[in-house]
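To start, the structure under review is shown below, and the notes come after it.
The values are calculated or read from the model by the stated rules, or taken from the named source; none is laboratory data. Only a predicted model underlies this, so the values are computations on that prediction, with no experimental measurement involved. Note: accessible area is taken over every heavy atom of the protein model, side chains too, but ligands, DNA and RNA are not part of it. Shrake-Rupley method; radii C 1.70, N 1.55, O 1.52, S 1.80 Å.
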Amino acid sequence: QCGGTFYNAGAIEMELPEASTVPGCRLTFIVDNASTFTIDPDGGDQIMIVTNAAGDAIAADAVGESIVLQARGAV
């Protein structure tokens, strides 16, 4: 699903694949429903800039909020 754009239609949690298995994969997430949209990385991966530890999820719930994530190999 690399290159895909994902919208929520209600509260949802999306599990990301292990980043080292999909290097370069870029995914876009857009809140389309005012319910919590959670993006959960693999336990050993970190969503850089917006979290401070491996395995931390991010969430948004305001319509129009968005983020684009791109996988890297091991750091």
Residue separation between ILE12 and VAL63 times 0.36 nm, minus their alpha-carbon distance, gives in nm 17.0 nm
For PHE6, PHE37, write out the residues from largest to smallest accessible area, computed with a 1.4 angstrom probe and no ligands counted. PHE6, PHE37
Share antiparallel - DSSP beta bridges, the chain, percent rounded to 5: 55
With a 10 Å cut-off between alpha carbons and a GNM built on the chain, which of ALA57, ALA11, ALA19 moves the most? ALA11
Please list, in chain and number order, the residues 5+ apart from ARG72 or on another chain whose amide H is under 5 Å from its amide H, with Hs placed from the backbone. GLY24
Work out from phi, with θ = phi - 60° and the Karplus expression 6.51 cos²θ - 1.76 cosθ + 1.60, the ³J(HN,Hα) of each residue of segment 36-44, listed in order in whole Hz, and give x for Gly and Pro. 5, 10, 9, 10, 10, x, 4, x, x
Taking the radius of gyration and the Kirkwood hydrodynamic radius from Cα positions alone, what is the Rg/Rh ratio for the chain, to two decimal places? 0.95
